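Here the structure comes first, spelled out in structure tokens, and everything after it is commentary.
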Amino acid sequence: MPGSPRALSDVRITRSRPLLSPALLRDELPLPDESAQVVVRGRDDVTRILAGEDDRLLVVVGPCSIHDPEAGLEYARNLAAFVPEVAADLCVVMRVYFEKPRTTLGWKGLINDPDLDGSYNVNKGLRTARKVLLDVLATGLPAGCEFLDPIIPQYIADTVSWGAIGARTSESQVHRHLASGLSMPVGFKNSTGGDVQGAIDAIGAAAVSHVFTGVTEDGVAAILTTSGNPDCHVILRGGQTGPNYDASNVTDALGRLAKADLREHVVVDASHGNSGKDHLRQPVVAADVATQVAGGQRGIVGVMLESFLEPGRQNLVEGAADELRYGQSITDACMGWEPTVEVLRELAAGVRARRSVARTN
Ligand SMILES: O=C[C@H](O)[C@H](O)COP(=O)(O)O
Ligand SMILES: C=C(OP(=O)(O)O)C(=O)O
């Protein structure tokens, strides 16, 4: 209408709802002392592995994403019961992922849409995610998460022992800032294109202090100053140029780290670009990594595995979440439980062989 003022802000915001504060959620679902010790022990173990003071291999293993808390917990109980068998050789952190960065579109994880139906009950998602993390910690397992939305860590980071910045965000300044202030060791993935240098640059950037805008525990906007995170590392996850888990790609990445004056170690992700998202390839990648480790490669400090109760994946059909198969991924295909146990045993054997190589040298 002529003369009527045209809106200039929030033109494309169609709805705004209240968000619960991190402090309120932590008050509703406090971290018990015993679980806090699990978190601290997990962080310290990973820190020592990255410093070369613990010769075990970090293994981040679990579902690609948690979509059903009950199945996620059943997985956690299985894993917690198995871990003592390999604990002398592996530092096992359960992958407990709630935020999914999508290539284009798709379900963005349990925090964003906990009812899997496009209702986006984010407050419920935050509550459910924190409850799952507390339940995982109660089994005695430390937890690892990807951090995607820069506000979310205030709700859950006190429960997390290891964090990841994904392939799609390692080059993002926002995520490097975030990592510089996170309280746990953080892995940066190489890009989906396969470039490793961006992840190496990220480690250097996240290691120092930054000043940026964020939210406090009370959910209030603030100007935050970080101290820098010295416990960041690269994750080789393969990419459009092909896999990068083999000995020559590992050596190349270690050389680049040395050139950048950074600690020479990497974590290898057996999934994603390294498996071509074929869950049956993950044991092949892990076997190659176990062989490199057994041969004395100390630059490999960890492995990531996508694993769930049932092998493979299934599509989430809108409006049909009730029909999903129990214990099977709705994002990337995962190894089933039995092959996971075999892979963990093989990695543990690789570590024992590396120790004996070190003793004879
Ligand atoms: O691990 C999860 C996926 O690889 C990531 O979220 C991208 O998935 P998409 O390519 O199916 O969107
Ligand atoms: C999204 C993930 O991996 P990437 O960032 O390597 O694609 C993931 O591990 O869930």
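Values quoted throughout were computed directly from the atomic coordinates according to the rules given, and no laboratory measurement underlies them. Computed from a predicted model, the values in this text were never measured in an experiment. As a convention, Cβ positions derive from the backbone with ideal geometry for all residues, glycine included, and neighbour counts pool all protein chains shown.
Here are some notes:
- Cross-link table 108/277; 100/259; 189/277; 100/124; 100/277, entries beyond 25 Å C-alpha to C-alpha: 100/259
- Whole-number D in µm² s⁻¹ for region 153-201, Kirkwood Cα-pair radius fed into Stokes-Einstein, 37 °C, 0.692 mPa s: 295 µm²/s
- Rounded to 5, the percent of DSSP beta bridges in region 142-223 classed as antiparallel: 35 percent
- Net charge, residue 273 excluded, C-beta distance under 15 Å - Lys, Arg +1, Asp, Glu -1: -2
- The Kirkwood radius of the chain, taken over pairs of alpha-carbon atoms, gives through the Stokes-Einstein law at 37 °C and 0.692 mPa s a diffusion coefficient of 158 µm² s⁻¹.
- Order by protection proxy (mean Cβ within 10 Å, highest first), peptides 153-164, 324-335: 153-164, 324-335
- Among the GluC sites (Glu not before Pro) within region 26-63, those in coil by DSSP and having at most 13 neighbouring Cβ atoms inside 10 Å are 53.
- Region 279-354 and region 192-214 have their alpha-carbon centroids 27 Å apart.
- Restricting the calculation to Cα atoms, every distinct pair contributes to the Kirkwood radius of region 85-124, found to be 12.3 Å.
- Beta bridges assigned by DSSP with both partners in the chain are antiparallel in approximately 20 percent of cases.
- Peptides 285-295, 36-46 ranked from most to least packed give 285-295, 36-46, packing being the mean of other C-beta atoms within 10 angstrom over each peptide's residues.
- In summary, the convex hull built on the alpha carbon positions of region 189-243 has an orientation-averaged projected area of 4.7 nm².
- Overall form of region 193-316 per C-alpha gyration tensor (a/c, 1.5; a/b vs b/c): oblate
- With helices as the sole contributors, the chain gives -11500 deg cm²/dmol at 222 nm; each DSSP H run of n ≥ 4 counts as -39500 (n - 2.57), and the sum is divided by every residue.
- Using all pairs of distinct alpha-carbon atoms, the Kirkwood hydrodynamic radius of region 109-213 works out to 14.7 angstrom.
- Of the trypsin sites (Lys or Arg not before Pro) found in region 79-181, the ones in coil according to DSSP and having at most 13 other Cβ atoms within 10 Å of their Cβ are 102.
- Listed residues 269, 252, 195, most fluctuating in the chain (Gaussian network, C-alpha, under 10 Å): 252
- Pairs of Cα atoms farther than 15 Å apart, region 1-108, %: 79 percent
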